[in-house]
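Undergrad: Structure in structure tokens, see below.
Just so it is clear, none of the values below were taken in a lab; they were calculated from the coordinates. Owing to the predicted nature of the structure, the values given are computational and were not obtained by experimental measurement. Cβ: placed from backbone, ideal geometry, glycine included. Neighbour counts: every protein chain shown.
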Amino acid sequence: MIVKILQFGTTGQLAIELLRQAPNHALAVTALGRADCDLADPAAAAKAVIAAKPDLVVIAAAYTAVDLAETERDLAHRVNALAPGAIAAACDQVGAALVNVSTDYVFDGAGGAPYAEDAPTNPLQVYGATKLAGEQAVSAACARSLNIRTSWVVSAHGKNFVKTMLRLAAAGNPLTVVDDQEGRPTAAADLARFILSQAGRLAAAKAGDPAFGLVHFANAGEVSWRGFAKAIFAEALGDAAPEVGATTTAQYVTPAKRPLRATMDTAKVKRVFGVSPRSWRAALSEIVAELKAQ
Ligand SMILES: NC(=O)c1ccc[n+]([C@@H]2O[C@H](COP(=O)([O-])OP(=O)(O)OC[C@H]3O[C@@H](n4cnc5c(N)ncnc54)[C@H](OP(=O)(O)O)[C@@H]3O)[C@@H](O)[C@H]2O)c1
């Protein structure tokens, strides 16, 4: 059976990888960019679902500007919480399954990591609070929904830490990176591969199937931002890798607070889906190779 997918998002890291990989699967994907459907208008997003009557909806767009969200709270809430909630209600109405993507920033990272799916949440910033509200709205409105929490998403396109570090290194300025925040870098390509590999199952599964609910997906391994920067430079620049100085969260002040160690346990994705995410280092090698080839 060809699964009919409606995807929100065309230009983000995850959206691009989903669109790239979709031709490898028996899927018919319609993707809506911001110009087709602005998620700041949740009713319009719901209408798009009802008009398309897909088998599966994937929300691959979100308000992801973590610092700006502190001053654009209402917009972030509309895009990350109200729109997913409205989409979920529309999915329930037309019998579509739903994948929504969330974040490790629902956790405060103050202790208890690696966090399992049922660990208590306590977002430190507006972004995490809006994503958590989105998860809750989705699961309340649509029993056939899967919220996937991921972390530190990187790829060869869009805005992300790998590209930012390489740009800063190319500019030749001394680099200092936060060394006391730890997480699990995740390739957008790997998350997309996981979602697409489960599309058939999700589209066919009935409410109550263990495939629905909440799952963590992140590449294996844990590293600080500074450690990640050093690995990026080693991979991309070899002997020409610049020095990376260390700073702390307390010294590097940003509008939004970040968790110190919000790393997620991914045992459930193996248990329920039989998927073992590869190491972040292997994923990084592939991204750097793609950047070099560009
Ligand atoms: N990036 C990370 O490190 C990270 C970490 C944890 C979880 N996540 C989650 O993973 C998912 C995918 O993230 P990503 O890294 O692929 O995001 P991204 O590269 O920052 O892209 C965000 C996408 O959302 C779209 N968008 C933003 N506001 C919109 C609106 N009002 N209406 C329609 N589209 C809108 C953007 O469109 P434009 O191009 O038009 O702006 C862009 O396509 C998101 O749910 C995010 O919260 C990301």
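Undergrad: Roughly what would the spin-label model give for Ala205 and Val253, points 7 Å off Cα along C-beta, in nm?
TA: 4.6
Undergrad: Any chance you could run the full-extension gain for Asp239 through Ala267? It's 0.36 nm times the residue separation minus the Cα-Cα distance, nm to one decimal.
TA: 6.4 nm
Undergrad: If the label point is 7 Å along Cα→Cβ of Glu286, which residues in region 183-203 have backbone nitrogen under 16 Å from it?
TA: 185-198
Undergrad: On full extension of the chain, what length is gained from Ile2 through Ala52, given 0.36 nm per residue of separation minus the C-alpha to C-alpha distance?
TA: 16.5 nm
Undergrad: I need two numbers for the chain: Rg to one decimal and Dmax as a whole number, Cα atoms only, in Å.
TA: 18.6, 57
Undergrad: Right, next: Once both labels are modelled 7 Å past Cα along the beta-carbon direction, what's the Ala26-Ala220 spacing in nm?
TA: Those two pseudo-labels are separated by 3.0 nm.
Undergrad: Still on this structure, I have one more. Figure the gain on full extension for Thr11 and Ala171 (residue separation times 0.36 nm, minus the Cα-Cα span) and round it to one decimal in nm.
TA: Difference between extended and current length: 55.0 nm.
Undergrad: State the answer as a single residue: which of Ala76, Thr130, Ala96 lies farthest towards the positive end of the charge dipole of the chain, with beta carbon charges of +1 for Lys and Arg and -1 for Asp and Glu, about the Cα centre.
TA: Selected residue: Ala96.
Undergrad: Per residue of the chain, what 222 nm ellipticity follows from adding -39500 (n - 2.57) for every DSSP H run with n ≥ 4, rounded to the nearest 500?
TA: Theoretical 222 nm ellipticity from helices: -11500 deg cm²/dmol.
Undergrad: Oh, and also: Could you pull out every residue, at least 5 positions away or on a different chain, whose amide H is within less than 5 Å of the one on Ser102? Hs are placed 1.01 Å off N in the peptide plane, and Pro or chain starts have none.
TA: Those qualifying (amide H under 5 Å, at least 5 residues apart or on another chain) are Ile148, Arg149, Thr150.
Undergrad: Pairs Lys206/Lys270; Lys159/Lys268; Lys53/Lys270; Lys4/Lys206; Lys163/Lys292; Lys230/Lys268: which are spaced more than 22 Å apart, C-alpha to C-alpha?
TA: Lys159/Lys268; Lys53/Lys270; Lys230/Lys268
Undergrad: Between region 229-287 and region 163-204, what is the C-alpha centre distance in whole Å?
TA: Between the Cα centres of region 229-287 and region 163-204 lies a distance of 7 Å.
Undergrad: Moving to a separate point now. Of the peptides 185-192, 208-215, 228-235, 67-74, how do they stack up when ordered by the mean number of other Cβ atoms within 10 Å, highest first?
TA: With the highest mean Cβ count within 10 Å placed first, the list reads 185-192, 228-235, 208-215, 67-74.
Undergrad: When ranked by the protection proxy of mean other Cβ atoms within 10 Å per residue, highest first, what sequence do the peptides 138-146, 80-88, 95-103 form?
TA: Ranked by mean Cβ neighbours within 10 Å, highest first: 80-88, 95-103, 138-146.
Undergrad: Along Cα→Cβ, 7 Å out, is where each label goes; now give me the distance between the ones at Phe161 and Glu117 in nm to one decimal.
TA: That separation, rounded to one decimal, is 2.5 nm.
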